[in-house]
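Written below as structure tokens is the structure these notes are about.
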Amino acid sequence: MALHCNLSLHSTPLSFSHLRGSHLPKQNTVVPTNCAFNASIISSNNHKFPIHFEESELGIGGTSDNLGETEFVDMFTQSRSSIHEQRISLIHALNQCANQGNLVLGQGYHALVIKKGLAFDKFAATAVVGVYSKCGEVEDASKMFDQCPDMDIVSWNNLILGYANNGFSNRALYLFVQVQNEEIRPNAYTFSIVLGACATLVAVNEGKQVHGQVVKMQYSSNTVVNNSLLTMYSKFGMMDEVEILFKEHPSRNHITWTAIIAGFYRQECFEKALWVFHCMRHSEVAPNERTFAVALASSGGMRDSDFGSMLHALAIKNGMAARNVFVGTAILDLYSAVGEMGSAEKQLDEMNDYLSSSNVPWNALIAGHVSNGENEDAMEALNRMLNSGIKCDEFTYSNILKAASSLPSLAAGEQIHSCIIKTKYEANMHVASSLIEMYTNCGILANAERVFYQMRERDVVSWNSMVKTYSQHGQPKKAMLLFNKMAKEGTRPTSATFLSVISACSHSGLVEEGLEHFKTMLPDYEITPEEAHYSCIVDLLGRAGRLEEARDFINNSPIVPTASIWRPLLAASRQHHNLQIAELAAEQILKEDFSDPTVHVTLLNMYAKVRRWSDVEKQRRLMKLKEVEKEPGSSWIEANRRLYKFYSRDKKLSEMPEVYAKLEEVVKEIRTLGYVPDTKLVHTQRADEVSKQENILLHSEKLAVCFGLISLSPNKPIRVFKNIRVCNDCHSAMKYISTATSREIVLRDNYRFHCFKQGCCSCGDYW
């Protein structure tokens, strides 16, 4: 076999030295809590299990018939049956409990095992281990295993499987090493379990060692083992090895084909995945629902609606499109991926005719609307889902919170949070992380903190969400403290963590700290900086006015600088009035993005500021020639469960006369406090001072704040959201308005949050 040269084929025992932990030490005989023969603890069921049972089946499993109270009482209270017959029946019953995941009934049969004096019987003990392993009680399985001597490979397999299936894959590998040390020969099932554990851990070296053992013990021709090998290398992303194994596979079945298709899909080799699916259809093996689902996902990855429609037709022909939840949901995901939400809605309606109680397709539809920016449609889909009597789960809540976060709608978010509390999903890590993001985007830092610190368990996503929250809300010290606490508690930072930490440094002038974090990424955490990190460092240096240093950093970076890396330098050049570097950055951006409106608008503003009117007109002509339009500044505010949107000099809303009257009143009051409009921002040569002031005073965020003053109760903060960066004049005006009205004003632009209280901003005027 072509892979042999890379594998450990020597006869020395396997050694996974970096893996820690094993099964528990030997204990006294384990007795289940519910060991009394009390019929009330046993779920009632009237189905009889078959009496016939072959000795060769012991410890491996029986049929799938259900067991219940009647059988439990009848079979073991009859004195006429011999101990041998009772032993056989007990083992068979335990295997049935294991297959059905019936822990309570299994505990009852375990009690009978003890009563009949079979606790040290190898086959009975193996069956008990199987019950506890398959029911997730791995500690009890380990105790039962340890108390019984002379356990065979079937017993070991049950214990290894228990650890592997319950999130302890490292212990499963450690037990596999112990099997070798006990000189017990693994069988095909052992290798299948262990290879799966290697795949879960992405333990490449260990997986290769196990592969070596497979070859050495001559299991290479076993179909199950080969499928496990192929699946493992597929999850490792080692597709060259997968293709070799696939070509040499002795007996391909649907698992074999699906594993290679899924491998190509994971590596985003969508065309290859679809080609293999095409080959499978022309083989003797018919695709199953899993294969169809991966093929449909590959088509979605290619954004190929035509090929996806053909797959949809095939799924209909095979009776899977509406009746199978996995295939049907994959079809729905496909149409969402290509933006055809009408077709996705139609697919959901067809599935509801057969799968009316499942929330999986509903979750997919809501996620599709969110991914396509149709957040209000996502909310409407949730209402229809609830009206249909479908219950929400953690996926529903995570997706719909993203919609509330993107709008952003605090009213909707708080209503969803109430539902989460009622349905007891608040402790779910994914839901909690989404809640943090929702409150962050709605500008409620205190609520985001409360959710985070109430979490019983936190994963890296939770930590990252909170670090990002502090970064966006101008709390760099808290972001740094949380970053250090995260590392101390054993959560390894990710690329996203460093992006948030460096961004926090950037928006607070902590230049040296930000540079130090960037420098530690690769040597200390083995995280290779990405384009976003380089862009963030340019922003860090640029905001601090170190423009030449930022330019040199770009020129000396090990990656090819893209427009996203040059853009923060252009923004910093405008902020620090360095036209020379601005022109350099603009030139580099336009090489990649010829019609970027931000470049032309920035240059136009900078030329106007230094009164280079010929260059201003040149930029205008270029914008007209390229059909470049400046994105109009807009702001929106939520009041009375509605979102109100404003543009500069807006007069569309019925409330606008009141808003303009309030604006006039507020401007008069803040002028007495020292506010003077910054008319230098107006880039026109002919406008007089009065026109310039009127232009500045009618910016959209000022209109939105005045609307909030007349629409919200006096004790409520005014939260305004803006699509572009807040200008210097509006930033100054908000500080005065917060003093004059004694109101807290939270303004989120496309960079960060500004919280204005009593004439001060959370950004410290550094933004």
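Just so you know, the Rg over Rh for region 252-334 is 0.92, from Cα atoms, with Rh as the Kirkwood radius. Distance between the pseudo-spin-label points of residue 758 and residue 622 (7 Å out from Cα toward the beta carbon): 4.8 nm. In whole angstrom, region 386-434 maps to an equivalent ellipsoid with semi-axes of 16, 13, 10, each derived as √(5λ) from the alpha carbon gyration tensor and ordered largest first.
Here the peptides 555-563, 644-652, 349-357 are ranked by packing, the mean other Cβ count within 10 Å, and the order with the highest first is 644-652, 349-357, 555-563. Pairs exceeding 27 Å between alpha-carbon atoms, taken from 247/272; 488/716; 478/722; 235/488; 618/680: 488/716; 235/488.
Grab the alpha carbons of region 595-667, take their convex hull, and tell me the volume per residue in Å³.
Each residue corresponds to 139 Å³ of Cα convex hull volume.
Give the angle, between 0 and 90 degrees and rounded to the nearest 10, that separates the Cα long axis of helix 188-201 from the longest principal axis of the Cα atoms of the chain. Computed tilt is about 20 degrees. Seen against the Cα atoms of the chain and their longest principal axis, helix 289-301 is set at about 20 degrees. Length gained on full extension, residue 450 to residue 224: 76.4 nm, using 0.36 nm per residue less the C-alpha separation.
Note on the chain: helix-only mean residue ellipticity at 222 nm, from DSSP H runs of 4+ residues weighted -39500 (n - 2.57) and normalised by residue number, equals -19000 deg cm²/dmol. Taking only the alpha carbons of region 119-198, we obtain Rg and Dmax values of 11.2, 33 Å in that order. From least to most packed, judged by other beta carbons within 10 angstrom and beginning with the fewest, 83, 724 follow the order 83, 724. Sorted into 20 angstrom bins from 0, the C-alpha pair distances of the chain split as 13, 36, 33, 14, 4, 0 percent. Every pair of different Cα atoms in region 556-614 enters the Kirkwood calculation, which places the hydrodynamic radius at 11.7 Å. Pairs of alpha carbons in region 351-444 separated by more than 19 Å make up 34% of all such pairs. Listed by chain and number, the lysines placed with their C-alpha closer than 17 angstrom to that of residue 424 are 391; residues fewer than eight positions away on the same chain are left out. Counted by neighbouring Cβ atoms within 10 Å, the residues 317, 722, 235 run from fewest to most as 317, 235, 722. Per-peptide packing, taken as the mean over residues of other Cβ atoms within 10 Å, places 479-488, 524-533, 438-447 in the sequence 438-447, 479-488, 524-533 from highest down. Scanning residues 5 or more positions from residue 634 or on other chains, those with amide H under 5 Å from its amide H are 723, 724, with H placed 1.01 Å from N in the peptide plane. Seen from residue 757, the other residues with C-beta closer than 10 Å to its C-beta sum to a net charge of +1, counting Lys and Arg as +1 and Asp and Glu as -1. For residue 411 and residue 326, the difference between the fully extended length at 0.36 nm per residue and the C-alpha to C-alpha distance is 27.2 nm.
Which log10 I(q)/I(0) values, to two decimals, does region 634-761 give at q = 0.09, 0.12, 0.21 Å⁻¹ under the Debye formula with one point per Cα? Debye curve over Cα of region 634-761, log10 I(q)/I(0) at q = 0.09, 0.12, 0.21 Å⁻¹: -0.22, -0.40, -1.33. Just check region 147-252 against the gyration tensor rule for me: Cα atoms, a ≥ b ≥ c as the square roots of the eigenvalues, rounded for a/c under 1.5, and otherwise prolate or oblate depending on whether a/b exceeds b/c. Here region 147-252 falls in the prolate category. For the peptides 596-609, 318-331, the ranking by packing is 318-331, 596-609, with the highest mean count of neighbouring Cβ atoms within 10 Å listed first. Please determine, in degrees from 0 to 90 and to the nearest 10, the orientation of helix 410-422 with respect to the longest principal axis defined by the Cα atoms of the chain, where the helix direction is its Cα long axis. Around 20 degrees separate the two axes. Annotation: the residues 700, 495, sorted from fewest to most other C-beta atoms within 10 Å of their own C-beta, follow the order 495, 700. Percent of Cα pairs in region 198-314 per distance bin of 10 Å, from zero to the largest separation: 14, 45, 29, 10, 2. Based on the Kirkwood approach, the hydrodynamic radius assigned to region 427-547 is 14.5 Å, with every pair of different Cα atoms included.
Coordinate-derived values only; no laboratory data. Please read these numbers as outputs of a predicted model, since none were measured by experiment. In this analysis, Cβ positions are derived from the backbone assuming ideal geometry, glycine residues included, and neighbour counts consider all displayed protein chains.
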